[in-house]
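To start, the structure itself, in structure tokens.
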Amino acid sequence: MRQTLDFERFDPPVLNERMLRRKLEERQERRYVVLLAIAGALLETALVLLGLLYWTISPALGLGCFCFALISTAGGGAVAIVFVQKGGANDAFSS
């Protein structure tokens with residue numbers, strides 16, 4: 001294993017339990033965000049497939065499913081852009 005810091009010349013970085021817990025929370029938040037994005041994509045896919053199924057029965061209902069999927073995707077994209085510009089979960093909800 002390659003040593004990244006030379007502790008004979010420099011003091012080791014300060015590390016405490018609170019910092020480690022915060023890192024763990026950040027990793028969990030990232031996992032939740034990824035799972036939420038996957039769930040949203042699956043929901044949009046289900047809506048499009050439902051629209052295709054309803055297209056033969058009622059074109060208006062199928063078009064409604066397509067429009068809802070499109071609007072929902074656009075809204076989710078806008079929320080994602082704002083979330084990223086704010087700096088993630090920590091800064092997005094603090095202001």
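Give me the residue from the range 27-57 that is in contact (Cβ under 8 Å) with a residue 24 or more places away in the chain and not aliphatic (A, V, I, L, M) and, out of that set, surrounded by the fewest Cβ atoms within 10 Å (Cβ to Cβ).
Applying the filter and picking the extreme gives E29.
Identify all residues within the range 56-95 that are at pLDDT 85 or above and hydroxyl-bearing (S, T, Y); write none if there are none.
Matches in the range 56-95: T56, S58, S72, T73.
Scan the range 62-75 and tell me whether some residue there is open to solvent by less than 80 Å² (accessible area, probe 1.4 Å), of a type outside the set (V, I, T) and not in a helix (DSSP H, G or I).
no
Could you check the range 38-61 and list, in sequence order, the residues that are assigned to a helix (DSSP H, G or I) and small (G, A, S)?
Selection gives A39, G40, A41, A46, G51, A60.
The values are calculated or read from the model by the stated rules, or taken from the named source; none is laboratory data. These numbers come from a predicted model, not from an experiment. Methodologically, a virtual Cβ is constructed for each residue, glycine included, from the backbone with ideal geometry; neighbour enumeration extends over all protein chains shown. Just so you know, the surface numbers come from the protein's heavy atoms only, side chains and all, with ligands and any DNA or RNA stripped out. Shrake-Rupley method; radii C 1.70, N 1.55, O 1.52, S 1.80 Å.
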